Every structure is written in C-alpha cells, then in structure tokens.
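Right, one structure below, let's go through it.
The values are calculated or read from the model by the stated rules, or taken from the named source; none is laboratory data. These figures come from a predicted structure and were not determined experimentally. Counting neighbours? That spans all protein chains shown, and the Cβs are built from the backbone with ideal geometry, glycine included.
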Ligand SMILES: NC(=O)c1ccc[n+]([C@@H]2O[C@H](COP(=O)([O-])OP(=O)(O)OC[C@H]3O[C@@H](n4cnc5c(N)ncnc54)[C@H](OP(=O)(O)O)[C@@H]3O)[C@@H](O)[C@H]2O)c1
C-alpha cells in the first residue's frame, strides 16, 4: 500500500535560539492527526537532530510504537555511526524489549539493504521481528533503492511508504539532489542594503547585517559541505569562510580565481580548513590548499559541481559576490536562496543579484534584519510550510 499525507501546519522550531518559525496552527492540532502522520512527524523531527553531522549520509529518524505507545526513538547522529533504526532499537528500555517483536517502526527513509559502515538495517528489523514498517521516502541511493523494502516484504513484514513524503524530501533535499541530480544542493546567500546593494561603490568590505544574522550564517556554514566565493570577494574582503560563531564541521572553502592571484597572506591560506582554488593555471597542493586547474569556459560551474559530486560533497553555500551569484542564477544552477536585508541605505554601490524563477517560501526577522528564503521554482523538493530550514 502506498499513500501520501500532507503534513498539517505545525510549529517548526529551528535550534537557533531566537530564530523561530511559527505557522498559524500549533501543536494542539496533533490531536487530530492520523497516527501515521503523527509518528512520522516525530521521526522527521528526530532526523533533523543529525543536521550538519551525517553527510554524505541522509538525516534519518525512527520511532517504534507498540499499541499506541512510543517505546523507542532514535536518529542517525553522525556519519559512520548507528543508523536511526538501530539507534531506536538500542534505546528501547529493558522493561519494554519484549514488546519490540510485532511493534510498528516509523522511519523517515527506507531501511538500508547493503553493508556500508554498518550492517543492513532491513536485516536487523527482520531479526527483531518488527510487525510493520512505515516509511516516508524510498532511498534514491542505487545500492538501496527498493531493496530494503523488498527484504522486509519478503519476510512478511507489512510495509507502508509515502507517509509525509514531501516533508521527508525537504529534510533530505541535499541527499536527494546529490543522488538524483548528481551534484550538490546549492544554497545562494547574500546580504543587501534596504536600497538593494551588496557592497559600496569602492567594493570595500561593509557589514550589512546584525550580529544575530551573522551567527545564523555561521550555523548554516556548519550544515553545508562546501562554501564558495568569487575572486574579487576573496581578494578584497579577505574572508575566513569558517564557522566561528557556531560549533560544528568546517565546510570546504572554495574560491574561483582564474589567475590564482589571491595574496598568500590572506585567510584562505591559513590552513584552518581545507581549501580549493579553482584556477586556469595549475594543479598543486600546498598544505590544506588544493589548486585545481579547469578551463574557464561556460561549463566551469558544472565542472566544479561534478568535482564536488565526485568528492561526495552533498551541498554548497555560495556567499558572493554579485558576479559569482549571478553566474549561478543565470545558469539556473541553484536550489535555495537566503537573502538578508539590513536596515542601512547606501545610495549607490554594487547591485544585489536578482533571482529569476523563484518562489518566496518564508520571510522572517532577526531584530532589524529581514531574512527571505526562496526556492527555485523547478526544484523537485519544494518547501513545505512549517518545516525547518
Ligand atoms: N553583501 C554580501 O552578501 C556580499 C557577499 C560577498 C561579497 N560581497 C561584496 O561583493 C564585492 C565583490 O563582488 P563582485 O561581484 O565584484 O565579485 P565576485 O563575485 O566576488 O568575484 C568575481 C570574480 O570571480 C571570478 N568569477 C566569479 N564567477 C565566475 C564564473 N562563473 N566564471 C569565471 N570566473 C568567475 C572572476 O574573477 P577572475 O577572472 O579573477 O577569476 C570574477 O571577476 C565585494 O565588494 C564584496 O565585499 C558582498
């Protein structure tokens, strides 16, 4: 049996303290939810606890239910460690272990059927004699797709798929993009003044947003596999491109610089994170900096995306400047855009990029800054109201 239930509007709370998205309805609606949606919503919430730690694996959550009572919850915490199903089973209290057989597991992604860093989860569910498995999304990964479900069905386990399917795809949009489009999920990000400029006329570095927005951007950096800037930004701004205001993984830093002429005294060469300089002159590795020679033709961005895919990097945040952002927009090569508007006017300067073919999915405020999030209209994984970023 397969069916899709749209998640109702719930309050979705991002773990960023003062960054709370609330939608019109609230948790009191939970009482009216169908049980499948209720438990899957909880499993999706658990999945997102792994954000920034599971790549290139997906974020997955699981809930084990026995006669209307949750007896276990789990999620995939960190790449290489236990998958959500196993974490969930491990978390069942000793007094409830005898209830595992026959219980229903709600899991956000099809249980795996292959031995990777851990044994196949589908086999474990069979061994534990789980009675029914409810799944949000089939796994797009070639080694799993459909096979995990087949293992379960072939041993007589009742399997339901497609519950909260759209929400599950949004949660794992990086993973789905990586496997289905063979490139990283691309987030564009910039800050603009009230009158629509991203930098003053002289291209000097200027602070447009407040401290709260800056901290959020650092959090975002821990959630993406790579971060990219154009040559002018790398040279003029001397950015560090690391997450310093939020604990987490440092993304791979990438600068696009035809002549590789970024001064060696700049932060990009401080060995604080892996760094690629995409250029036309040389292939070389010096400490943490890798020079990658590519032809600067109209396929440059596609070639960089192919390289990132080859390296199993599932997402990229592009942080400017305007020329680089516009080249992604003009190529239609973006999935999501996060645009801050500060409260300053500067009268003239470098015009902010203009998105085309975009849907505004949410608008919120961080004190006096406005944050708007857009999704590319052709995205196969549209935003669902109430979901976390
Ligand atoms: N407000 C914000 O959010 C924000 C964010 C970042 C930067 N900025 C500001 O933006 C200004 C710089 O922006 P910008 O538009 O002048 O420059 P930019 O986008 O930082 O860099 C442009 C340069 O990068 C290389 N490049 C970028 N995309 C390319 C592509 N698709 N193909 C080939 N080469 C590419 C080219 O240099 P080469 O020919 O040398 O390779 C190009 O001249 C700075 O003043 C900075 O402070 C603002």
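If a residue counts only when it is more than 23 Å from residue 54 (Cβ to Cβ), which strands (runs of 3 or more DSSP E) contained entirely in region 300-379 have at least 3 such residues?
It comes to 336-341, 358-366, 369-376.
Being part of a loop (DSSP other than H, G, I, E, B) and over 27 Å from residue 249 (Cα atoms): is that true of residue 156 here?
yes
To keep it simple, each residue is scored yes or no on (1) touching a helix residue (DSSP H, G or I) at 6+ places or on another chain (Cβ under 8 Å); (2) under 21 Å from residue 174 (Cβ atoms); (3) surrounded by fewer than 21 Cβ atoms within 10 Å (Cβ to Cβ).
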position	(1), (2), (3)
80	no, yes, yes
94	no, no, yes
101	no, no, yes
124	yes, no, yes
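For residues that are surrounded by 17 or more Cβ atoms within 10 Å (Cβ to Cβ) and free of Cβ contacts under 8 Å to residues at least 40 places away in the same chain, scanning just region 104-117, find the one that is nearest to the chain's Cα centre (by Cα).
In this case the residue turns out to be 112.
Looking only at region 191-206, which residues are surrounded by fewer than 19 Cβ atoms within 10 Å (Cβ to Cβ) and touching a residue at least 60 places away in the same chain (Cβ under 8 Å)?
194, 195, 196, 200, 201, 203, 206
Please indicate, with yes or no, whether at least one residue in region 283-290 is touching a helix residue (DSSP H, G or I) at 6+ places or on another chain (Cβ under 7 Å) and free of Cβ contacts under 8 Å to residues at least 24 places away in the same chain.
Yes; the residues of region 283-290 include at least one that is touching a helix residue (DSSP H, G or I) at 6+ places or on another chain (Cβ under 7 Å) and free of Cβ contacts under 8 Å to residues at least 24 places away in the same chain.
Check region 273-284 and report whether any residue there is assigned to a loop (DSSP other than H, G, I, E, B), modelled with pLDDT of 95 or more and under 25 Å from residue 355 (Cα atoms).
Looking through region 273-284, none of the residues is assigned to a loop (DSSP other than H, G, I, E, B), modelled with pLDDT of 95 or more and under 25 Å from residue 355 (Cα atoms).
Name the single residue that is farthest from the ligand (Cβ to nearest atom) among those in region 230-258 being in a loop (DSSP other than H, G, I, E, B), surrounded by fewer than 18 Cβ atoms within 10 Å (Cβ to Cβ) and over 23 Å from the mean Cα position of the chain (by Cα).
Among them, the one singled out is 238.
Check residue 266 against each of (1) under 29 Å from residue 180 (Cβ atoms); (2) surrounded by fewer than 21 Cβ atoms within 10 Å (Cβ to Cβ); (3) out of contact with any strand residue (DSSP E or B) (no Cβ under 6 Å at 6 or more places or on another chain) and name the one condition it does not meet.
(1)
Assuming residue 135 fulfils every condition listed in (1) surrounded by 20 or more Cβ atoms within 10 Å (Cβ to Cβ); (2) within 13 Å of the ligand (Cβ to nearest atom); (3) without any contact (Cβ under 8 Å) to a residue 40 or more places away in the chain apart from one, which condition is it?
Checking residue 135 against (1) surrounded by 20 or more Cβ atoms within 10 Å (Cβ to Cβ); (2) within 13 Å of the ligand (Cβ to nearest atom); (3) without any contact (Cβ under 8 Å) to a residue 40 or more places away in the chain, the one that fails is (2).
When both residues are 6+ apart or on different chains and their Cβ atoms are under 8 Å apart, which pairs have a first residue that lies in region 37-58 and is at positive phi, and a second that is modelled with pLDDT of 95 or more?
Once the first residue is at positive phi and sits in region 37-58, its partners that are modelled with pLDDT of 95 or more give 52/222; 52/223; 52/248; 52/249.
In region 310-332, how many are more than 8 Å from the ligand (Cβ to nearest atom) and surrounded by 18 or more Cβ atoms within 10 Å (Cβ to Cβ)?
Matching residues across region 310-332 total 7.
Go through (1) surrounded by fewer than 21 Cβ atoms within 10 Å (Cβ to Cβ); (2) within 18 Å of residue 371 (Cβ to Cβ); (3) more than 10 Å from the ligand (Cβ to nearest atom) for residue 162 and report which single condition fails.
That leaves (2) as the condition not met.
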